[in-house]
Amino acid sequence: MFTVRIQSGDFDAAAEAARLTQGRTDIGAVVTFAGLCRDDDAAGGAPLVALTLEHYPGMAEEEITRLVGEARARWPLLGATVIHRYGRIVPGDNIVLVVTASPHRGAAFAAAEFLMDWLKTRAPFWKLEEREDTNDWVAAKDSDDEAAGRWE
Amino acid sequence: MKILYFAWVRERIGLAGEEIAVPETVRTVAELAGWLAARGEGYARAFENPRVVRAALDRRHAKPDTALAGASEIAFFPPMTGG
């Protein structure tokens, strides 16, 4: 089962992983990655109050579905679930979930990392940081481009 | 043509999207960005550094030299920061 969801509400990582393996006996490895909103980014600045995630409806789901297709072409996946939230998210809350399932762990680990690296640079989402004194759009990181580039 | 703007491109232009009749002389993504930049102050600020503005044509990532031919929707936005 391959699932991509874009939603404002929270997700349950354990329940999503369980759904991928339910009733199957061929899956030997499940990797679950959850990305959370953290508050430690401000170097001497005001603490983060919240992130607001803007997205391109339609394209967000289509682009992540293309990335899942690319992952399936590279590794023997038996299932994958990607969920990305949008809207206002406070520190400690979930932002993104990637679950991959395969017969062996190597493919599940690699595909999960590939999906996260590519999602960061290709999925149409933008983070607005809300601090006590300012609101600023997060700048893209060169390190994210480098992380995505190593899979090419 | 339907044109969409996201994040700080949307804020600078002051619109989430608009329907514009693009002249036939405007053939590529980069040419459209340049043409839009001449429409007003907000547009000029949004496209002041065209190299950092990304585009998607009919919901697929496009390059500056991608031809607009036949596309019905284009979006302009900053580098993505999701995940």
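Read the figures in this text as sums done on the coordinates, not as results from a lab. Computed from a predicted structure; not experimentally measured. Cβ sites come from the backbone with ideal geometry, for glycine too, and all protein chains shown count toward neighbours.
When each of the peptides A:1-8, B:3-10 is scored by the mean number of other C-beta atoms lying within 10 Å of its residues, the order from highest to lowest reads B:3-10, A:1-8. Computed over all pairs of different Cα atoms, the Kirkwood value for the hydrodynamic radius of region A:2-149 is 16.1 Å.
Relative contact order (percent) for chain A, with alpha-carbon contacts under 8 angstrom and 6 or more residues of separation? Show your work: numbers first, answer last.
Values: 280 pairs, mean separation 49.9, N = 152.
So the answer I get is 33 percent.
The order of A:L119, A:L20, going from fewest to most other C-beta atoms within 10 Å of their C-beta, is A:L20, A:L119. Here the residues A:H84, A:H55, B:H61, A:H104, ranked from fewest to most Cβ neighbours within 10 Å of their Cβ, fall in the order A:H104, B:H61, A:H55, A:H84. Among beta bridges from DSSP that stay inside region B:2-77, the antiparallel ones total about 75%.
Taking the number of Cβ atoms within 10 Å of each Cβ as an exposure proxy, the fewest-first ranking of A:W151, B:W35 is A:W151, B:W35.
Placing dummy labels 7 Å off each Cα toward the beta-carbon, the span from B:V22 to A:T25 is 5.6 nm. Secondary-structure-derived ellipticity at 222 nm for chain A, considering helices only, amounts to -10500 deg cm²/dmol, per-run term -39500 (n - 2.57) for DSSP H runs with n ≥ 4.
Each of A:M59, A:L77, A:A111 was placed along the dipole of region A:1-140 (beta-carbon charges, centred on the mean Cα), and the one lying farthest toward the positive end is A:L77.
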